[in-house]
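One structure below.
The values are calculated or read from the model by the stated rules, or taken from the named source; none is laboratory data. Everything quoted here is computed from the prediction, not taken from an experiment. Cβ placement follows ideal geometry from the backbone for every residue including glycine, while neighbour counts extend to all protein chains displayed. These area figures cover heavy atoms from the full protein model, side chains too; ligands, DNA and RNA do not enter into them. Shrake-Rupley method; radii C 1.70, N 1.55, O 1.52, S 1.80 Å.
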Amino acid sequence: VLAALPGFLKEHRHARYVAIHIGGNNVSGARPYPGGAERLGRELEQILRQIREAGKVPIFARLTYRAYKAKGKKPGVPPEENGSGPYVTQLYDPLIRKYCPEFYDSKAGRGIVDLYGYFKAHPEEIGGDGIHLRGTGYASWRRLWAQQAGGCVYRGKTQ
């Protein structure tokens, strides 16, 4: 994403918002936390900064909950400290607060586009690999983006 971003921003110069859900593959291979967190955090910050510098508003979603199975030396989830949760609270939420304040819930202390919280509460919508979504999960994914991000984008505007 980082390498393709300048071209994307140039191609979509009239866009006001840029929706982002990224980093799951970085977390999958590097877990448990803090595996890979330093590099992932740097790259996410560069992406968000470039979007802001281009005059656009990033809509950065919390990483989805992942119900990883134990594999080799990688522990399973639960417990959640072996999954995506620590990356969400230690990297994503602070970056959302800093670069996407329009999409940060200061009372809850987390990003508004909360794919993590939803799929943790609805693990039946996650496929057998513990990562990818089932059909019902993808339908929920679209609804969550529309409700949570759209609710902020169109707040106070007549539709």
*For region 52-68, just list the computed ³J(HN,Hα) in residue order, Karplus coefficients 6.51, -1.76 and 1.60, θ = phi - 60°, integers in Hz, with x standing in for Gly and Pro.*
4, 5, 7, x, 10, 9, x, 10, 9, 7, 5, 4, 5, 5, 10, 9, 4
_Estimated [θ] at 222 nm from DSSP helical runs (n ≥ 4, -39500 (n - 2.57)) normalised by residues in the chain, nearest 500_ = -10000 deg cm²/dmol
*DSSP bridge pairs, the chain: antiparallel proportion in percent, nearest 5*: 45
_How much accessible area per residue does the chain have, counting only protein heavy atoms and a probe of 1.4 Å, in square angstrom?_
55
*Residues with amide H under 5 Å of VAL18's amide H, sequence separation 5 or more or different chain, H placed in the peptide plane at 1.01 Å from N; which?*
VAL57, ILE59
*Label-point separation (nm) for ILE22 and ALA70, each offset 7 Å from Cα along Cα-to-Cβ?*
3.5
*Given a Förster distance of 22 angstrom, what is the FRET efficiency for ALA121 paired with VAL1, based on the Cβ-Cβ distance and rounded to 0.05?*
0.20
_Residues with amide H under 5 Å from that of VAL113, placed H, sequence gap 5 or more_ = ARG62
*Assign one of three labels to region 30-159, namely rounded, prolate or oblate, based on the Cα gyration tensor with a ≥ b ≥ c the square roots of its eigenvalues; rounded applies when a/c is under 1.5, prolate when it is not and a/b is larger than b/c, and oblate otherwise.*
oblate
_Cα shape, region 1-66, gyration tensor, a/c 1.5 rule_ = prolate
*Leaving out ligands, DNA and RNA, what percent of the accessible area of the chain is carbon and sulfur, probe 1.4 Å?*
53
*Does region 69-108 come out rounded, prolate or oblate, given a ≥ b ≥ c as the square roots of the eigenvalues of its C-alpha gyration tensor, rounded meaning a/c under 1.5 and, failing that, prolate meaning a/b above b/c?*
prolate
